[in-house]
Amino acid sequence: MFKKILSECVGTFSLVFFGCGSTALASGYFRTDLGLICQAVAFGLAATTLVYVLRPISGAHFNPAVTVGFAVANRFPVRDLIPTIAAQVCGAIAGAWLLYVVASARPGVLPGPVALGVNGYGVHSPARYQLHAALIVEVLMTFVFVLVNLAVTSGKRMRASGAALIGLSLTLCSLLAIPVTNASLNPARSTGPALVMGGWALDQLWLFWAAPLAGGVLAGFFYPTLQRNASADNSPIQNTGRVGGVLDKQPL
């Protein structure tokens with residue numbers, strides 16, 4: 001269990017440091033729109049690499065919404081929820097804190113909330129989207145992301161392409177969500193930068209726990225149903241001997 005906890009902590013630390021750091025450390029060198037694209041791509045690349053390397057140890061969730069979604073789908077033990085989520089949050093806080101220390105080393109430059117990847121809505125949204133839009137986008141994008149995680153890891157062994165699909169889905173969802181909320185999809189990833197920045201970031205943090213967890217729960221309920229229906233549709237057609245069946249064999 002210790003190895004799993006350590007893996008989740010290190011993985012979430014790396015995800016926050018590389019994902020948020022892609023804009024924080026390059027602040028002032030890229031246009032704002034290009035920086036947001038870099039952030040989405042960086043999160044996707046980090047997720048791909050970390051999932052490929054650490055999945056054999058812990059499952060490589062690095063996200064409380066993914067962990068809860070797997071638990072709802074009966075793919076993760078409920079008794080391990082609290083220690084796993086605690087490890088993810090601790091890793092995210094450490095990653096955000098170290099990023100702030102590094103980003104603050106530029107003379108005369110204090111990294112702002114957007115550069116550090118702080119999530120927000122209303123006046124703190126990158127494009128000034130209001131609460132209802134932020135709620136819808138975060139729930140929907142997290143639902144899609146967790147659904148992809150459940151789908152590509154449904155077999156006993158995940159192919160290398162599975163890690164790439166997880167990373168690509170995170171990039172895609174982030175590209176849509178960044179203008180609205182700066183793309184959370186992950187309560188731990190939101191908690192780290194919010195604690196570092198304080199103030200309004202902590203006041204709005206509740207949404208970035210509630211919405212991603214709701215999306216994860218919905219995906220956890222939906223995917224097993226989808227899988228059962230797909231299995232039923234692909235099951236061999238049995239001869240019932242009834243007229244009108246696909247094949248109605250009669251004795252010669």
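Every number here is computed from the coordinates shown, using simple stated rules; none is lab data. What you see is a predicted model, and the numbers here were worked out from it, not measured in a lab. For neighbour counting, all protein chains shown are included, and Cβ atoms are generated from backbone atoms with ideal geometry for every residue, glycine included.
Listing for the model above:
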| quantity | calculated |
| --- | --- |
| Distance (nanometres) between label positions extended 7 Å along Cα→Cβ at PHE221 and ILE82 | 2.5 nm |
| Calculated from backbone phi, Karplus (6.51, -1.76, 1.60) coupling profile of the stretch 128-139 in Hz, x at Gly/Pro | 6, 6, 7, 4, 5, 5, 4, 4, 4, 5, 5, 5 |
| Sites TRP206 and ASN229 - FRET efficiency at Förster radius 41 Å, r taken between beta-carbons, to 0.05 | 0.70 |
| Pairwise centroid distance, computed over Cα atoms, of the stretch 196-210 with the stretch 46-108, Å | 18 Å |
| Neighbour-count order for MET197, MET141, fewest beta carbons within 10 angstrom listed first | MET197, MET141 |
| Spacing of the two label points (7 Å from each Cα toward its C-beta) at VAL102 and LEU168, in nm | 2.8 nm |
